[in-house]
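The values are calculated or read from the model by the stated rules, or taken from the named source; none is laboratory data. These numbers come from a predicted model, not from an experiment. Note that each Cβ is placed from the backbone with ideal geometry, even for glycine, and that neighbours are counted across all protein chains shown. Note: areas computed on protein heavy atoms with side chains; ligands, DNA, RNA excluded. Shrake-Rupley method; radii C 1.70, N 1.55, O 1.52, S 1.80 Å.
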Amino acid sequence: MQFRIIFFIALLLICIRAYGQQQDVDFHLNAHLLNGQKILKVKRDFHDIYLWVLGQNNSVYRVNSVTLAIDDYSSKFAAYNNFQFVDIMGHSADTVFIATNATNVIEWANGTFRVIGSSDGIPGTVNSLGIDLGWSLGPGTRNEMLIGTDQGVRTFNVQTQTIGVLPDGAFAGNSSIANSRIYESTYRNEIYKDSTAYDQSGWTTDTLQYLPVAFNPDGVDPLPGPFVVGYVWKGNHTFGSNVNTVFSFNLDLSTTVFASYFWGTENGMFQTGSNFSDNIVTDPWFQYLSGIKVNKITDIMGLTAFSSYYNSEIVKQNLLIGTDNGFYFSSTLNNPTGVYPAKFSLFHYAALGNTIINDICVNAVSDAHPICENGVWLGANDGLYLLKPDYAAFLNSTPIQAINFLNKPDTLSSLNVCTGDSVLAVVNSSLNGSYTIQWYENGNELPAQSNHTLTIKTAGDYYAVLYDPCEDIHIPSNHLRVNIVNGPVFTFNYPDTIKQCNNNTPVTLQTTYNSGYHYQWYTNDVLNGDTTSSFIVTQTGKYKVEVSACTNSWVPSKEVQVNLIQLPTPVITADKAMYCIGENATLSVSILPDPSYTINWYMNNVLQTNNSNHTSLITNIPGNYTASVVNKTVNTDGTLCSQTSAVLLLVFNPFPTVTIEKIVKTTLCEGQTVDLLARHTGGTVKWSTGETTDQISVNTAGNYTAVVTSPAGCQADTSISTTFLPNPILRVKDTTICTYKQQPVTLIAPPGYAQYIWNGQPGNQTYRVSLPQTVSLTVTDANGCEATQQIIVADKCPDIWIPNTFTPNGDGINDIWTIEGLDNDQSVLVRVYTRYGNLVFESKGYTTSWNGEYRGKKLPAGVYYYVLTSKKGTQKFSGSVTIIY
């Protein structure tokens, strides 16, 4: 035991040395999105190119990390605004999970919502979400989400949609009851707390709490890291009461022995070693950013292409820290001196000042090793920022010819720009897409200026840096100088007003031409797009030109009023498309009389003097008609303006002829049809029935009219009358028959018809029926008109039928006395007596008919008497029955 303590103290003396490093990475502000919105959480799902963002007031966004296009999903989740959203995690482009401050996680997958709650296995109030390590590395890996609650961590399988608990060995604590939280979950790091903290007192008067945290640091292929359990500390006046974020990293990525733990509270960021985290008395620890609230700690790896195992000294690994005082980053975490735990230098990112940073997410290009982490997403109080790392910024690189002024020679390094104008600087097209770009003005970085073009409006020295966030490439470009100069000298000598016909030679306005000048013309004080030294006027208005000797410095000319006489162009329309001989045609022009011009009509080029200044003309004479409009006042050049219509050819057409032919194929009885055919000289037919074919079929009497319209619209009509003979009327009444009485009935049809058809067979006026059935009767009168009726012969017998004789002689005919119509009445009682009153047969319910025997012996022939009651005694029958042999 004594040896162990001496060894431990010696190890501390070796390890507790501050490892100060110089800055070895720079960041460029590449984009600022969702400006003015408070962003709470940012998560890349690493399956694809999308970033999921949670903002204040339950706003949800999906950001394309390549194009930076933003999709606002807030309205999709509006139905759940009764919850407070606290965390977000994307699974793919179309699947996202949102944690609420209740026992619910909202899943949106391909347009379908599901609320995962306590009934599914969530044990408590949800506070955080994460992905199980390896989930993001593509097909064939685990598909589980981590859900942090105040009652323990649960897993959720995205494919099976089931809740589970952490696997054995993933954590030393009791995952079913712990107040838990997911601190970090990416494709290479997984950190969560899933056990109740315990108190440790003695080193101060305050109570210190150790929070057990599960780490799987940098567990990426080909060296998947094992889960380890360490402790972070809170409590007393030093560490603060709320652990907001926890992170770990390894000096040697092949083992967890040299891991350091970092955590952030309202009092700053703290660090200790993985092997020293369970005893603050003997464990070394460091504090950073004292008094500043730390909201998120993570890291970024760079230059990973130089080592597939990420343990080369060339590979960079830098802490990223989001605080209430802005964004900080560390020097490289890889420690070549062997000092453990090593203290690192932190650097404040000045471009964002003291902007509050709520969350950080590293952007990875793909999930293929070595993975290129080419950006940092910052969720801030004033929007979403994208920073790009530059690992070669501190290397000495020779500038290259990479930028020039747009549409200017590559050799031009200085350009004069007029006051208020701008010029566009561009990166050579051969370099576009190969590098990330950052523009500078007078040696200062221009925030969010990372496109291949830069609009320059002020004098200064400009250049760009071309770098690769994942490579050791940092190349400054050549420099461009922009100077400010004054305006041009020119002439523009025109009268204040110019008047001319619009359809004659156009008016051309012109100013002094100078190859070094720029021009822009205005129509009614609005730029019209013309940029030459002359302009052709095509409409009435006020015109002026502005001339510039340099970019964005414009000198205006005087303003000239140009009046173009615009006469209306007459268009002749007729009141009908076609005319018939004898009709009057009314021709009109689509203009109104005006004192400034005269309207003239012409027929075959001859002026129609009686119609001067009339907007219409009535005529029944065919010919070629035109109309013209002539201005009454003379223009400045002595001409008159005029407009002439197109020629209208007026034709008057003859009327058609039409007759109707009746086509009779059968006797014209009611219900039959006759065809009517309209014969005409050409055109379309419309009948009084509404039909439009030449031939129609009718089956009712009346007058029928056919109207024929020629292609010219001329009409003629004719009519024909059609009558139909009445059909016979049949009213033979339905009847009934009793089958067992064998009494046929005779049906009698009305007399006087030429033919009778009974059930399809020719017959006469009567028809004999012995069985129930439906009888079909068709009659034909002398005119050949027919009528058909269905006659129903129904089966109907008395309620009860009692035979008065039977012959029980064994010949099989009428051997049994059978009573019909009892219908299984169980209340029936039948008794038969001799003439002396002796009972010889009795049946209750009448289940058996009488066979003429008494006690098994045949009775002698003669008369016997019966008494029958039925329907519970409500019916009673009596009479005689005779036995005959």
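For region 501-528, a tally of residues being open to solvent by 40 Å² or more (accessible area, probe 1.4 Å) and touching a residue at least 60 places away in the same chain (Cβ under 8 Å) returns 3. Taking the criterion of being closer than 16 Å to S430 by Cβ and surrounded by 18 or more Cβ atoms within 10 Å (Cβ to Cβ), the residues of region 383-406 that qualify are A402, I403, N404.
Taking strands (runs of 3 or more DSSP E) as the structural unit, those lying wholly within region 727-844 and holding at least 1 residues that are touching a Leu at 6+ places or on another chain (Cβ under 8 Å) correspond to 735-737, 745-748, 755-758, 766-769, 773-780, 786-795, 829-833, 839-844. Residues in region 292-311 that are modelled with pLDDT under 95 and closer than 17 Å to S241 by Cβ: 0 in all.
Could you check, for region 479-490, whether at least one of its residues is of a type in the set (S, T, N, Q), touching a Phe, Trp or Tyr at 6+ places or on another chain (Cβ under 6 Å), more than 30 Å from L567 (Cβ to Cβ) and at pLDDT below 90? Explain how you work it out, then say what you get.
The first filter runs over region 479-490 and keeps only residues of a type in the set (S, T, N, Q), leaving 483, 486.
Cutting the leftovers down to touching a Phe, Trp or Tyr at 6+ places or on another chain (Cβ under 6 Å) gives us none.
The answer is no; no qualifying residue exists.
Among the listed residues I737, I792, I816, which satisfies the condition of being surrounded by 15 or more Cβ atoms within 10 Å (Cβ to Cβ), of a type outside the set (S, T, N, Q), touching a residue at least 12 places away in the same chain (Cβ under 8 Å) and out of contact with any helix residue (DSSP H, G or I) (no Cβ under 6 Å at 6 or more places or on another chain)?
Numbers: I792 fails: surrounded by 15 or more Cβ atoms within 10 Å (Cβ to Cβ); I816 fails: surrounded by 15 or more Cβ atoms within 10 Å (Cβ to Cβ).
That would be I737, the only listed residue that is surrounded by 15 or more Cβ atoms within 10 Å (Cβ to Cβ), of a type outside the set (S, T, N, Q), touching a residue at least 12 places away in the same chain (Cβ under 8 Å) and out of contact with any helix residue (DSSP H, G or I) (no Cβ under 6 Å at 6 or more places or on another chain).
Counting only residues that are surrounded by 15 or more Cβ atoms within 10 Å (Cβ to Cβ), closer than 20 Å to N727 by Cβ and either among the small types (G, A, S) or in contact with an Asp or Glu (Cβ under 9 Å, 6 or more places away or on another chain) (or both), region 668-681 holds 1 of them.
Would you confirm whether or not region 492-499 contains a residue that is in contact with a strand residue (DSSP E or B) (Cβ under 6 Å, 6 or more places away or on another chain), surrounded by 12 or more Cβ atoms within 10 Å (Cβ to Cβ), of a type in the set (K, R) and at pLDDT 90 or above? No, region 492-499 contains no residue that is in contact with a strand residue (DSSP E or B) (Cβ under 6 Å, 6 or more places away or on another chain), surrounded by 12 or more Cβ atoms within 10 Å (Cβ to Cβ), of a type in the set (K, R) and at pLDDT 90 or above. Quick check on D823: is it modelled with pLDDT under 90 and open to solvent by 30 Å² or more (accessible area, probe 1.4 Å)? For D823, the condition - modelled with pLDDT under 90 and open to solvent by 30 Å² or more (accessible area, probe 1.4 Å) - is met. Of all residues in region 609-638, those that are under 29 Å from V507 (Cβ atoms) have Cβ atoms under 6 Å from Cβ atoms of residues that are open to solvent by 90 Å² or more (accessible area, probe 1.4 Å) and modelled with pLDDT under 90, 6 or more apart or on another chain, in N631/L640. Note on region 864-877: residues that are open to solvent by less than 90 Å² (accessible area, probe 1.4 Å) and closer than 19 Å to T834 by Cα amount to 6. The set of residues in region 614-645 that are loosely packed, with under 12 Cβ neighbours inside 10 Å and either at pLDDT below 90 or closer than 14 Å to V571 by Cα (or both) comprises K632, T633, V634, D637, G638. Evaluate the following for V658: is it aliphatic (A, V, I, L, M) and in contact with a Lys or Arg (Cβ under 9 Å, 6 or more places away or on another chain)? Against the criterion (aliphatic (A, V, I, L, M) and in contact with a Lys or Arg (Cβ under 9 Å, 6 or more places away or on another chain)), V658 qualifies. When the test is whether a residue is farther than 17 Å from A380 by Cα, open to solvent by less than 40 Å² (accessible area, probe 1.4 Å), under 21 Å from the mean Cα position of the chain (by Cα) and not hydrophobic (A, V, I, L, M, F, W, C), S59 does not pass it. In the condition set (1) modelled with pLDDT of 90 or more; (2) under 23 Å from F724 (Cα atoms); (3) not aliphatic (A, V, I, L, M), T684 is compliant with all but (2). Filtering region 563-578 for residues that are more than 26 Å from L415 (Cβ to Cβ), touching a Phe, Trp or Tyr at 6+ places or on another chain (Cβ under 7 Å) and exposed (fewer than 15 other Cβ atoms within 10 Å of the Cβ) leaves an empty set.
Within the bounds of region 593-603, is there any residue that is in contact with an Asp or Glu (Cβ under 7 Å, 6 or more places away or on another chain), closer than 23 Å to N653 by Cα and open to solvent by less than 70 Å² (accessible area, probe 1.4 Å)? The answer is no; no qualifying residue exists.
Taken over region 531-541, the criterion of being farther than 30 Å from T633 by Cβ and either touching a residue at least 40 places away in the same chain (Cβ under 8 Å) or surrounded by 17 or more Cβ atoms within 10 Å (Cβ to Cβ) (or both) is satisfied by S533 alone.
Residue by residue, here is whether (1) basic (K, R); (2) in a strand (DSSP E or B); (3) closer than 19 Å to V376 by Cβ holds:
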position	(1), (2), (3)
S430	no, no, no
S434	no, no, no
I437	no, yes, yes
Y440	no, yes, no
A448	no, no, yes
L454	no, yes, no
D461	no, yes, no
V465	no, yes, yes
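Could you please find all residues in region 465-485 being open to solvent by less than 20 Å² (accessible area, probe 1.4 Å) and within 20 Å of Y349 (Cβ to Cβ)? Lay out the reasoning, then the answer.
The first filter runs over region 465-485 and keeps only residues open to solvent by less than 20 Å² (accessible area, probe 1.4 Å), leaving 465-467, 469-470, 477, 480, 482.
Matches in region 465-485: V465, Y467, P469, C470.
Scanning region 849-863 for residues that are within 17 Å of F806 (Cα to Cα) and either exposed (fewer than 11 other Cβ atoms within 10 Å of the Cβ) or touching a strand residue (DSSP E or B) at 6+ places or on another chain (Cβ under 7 Å) (or both) turns up S849, W850, G852, Y854, K857, L859, P860, A861, G862, V863. Taken over region 830-848, the residue count meeting the criterion of being at pLDDT 90 or above, open to solvent by 30 Å² or more (accessible area, probe 1.4 Å) and within 13 Å of I819 (Cα to Cα) is 1.
Please go through region 545-558 and give me each residue that is crowded, with 18+ Cβ neighbours inside 10 Å and touching a Phe, Trp or Tyr at 6+ places or on another chain (Cβ under 8 Å), ordered by number. Once the filter is applied, which keeps residues that are crowded, with 18+ Cβ neighbours inside 10 Å and touching a Phe, Trp or Tyr at 6+ places or on another chain (Cβ under 8 Å), region 545-558 yields V545, E546, V547, S548, A549, S557. When region 407-451 is filtered for residues that are surrounded by 14 or more Cβ atoms within 10 Å (Cβ to Cβ) and β-branched (V, I, T), the ones remaining, listed by number, are V417, T419, V423, V426, V427, T436, I437.
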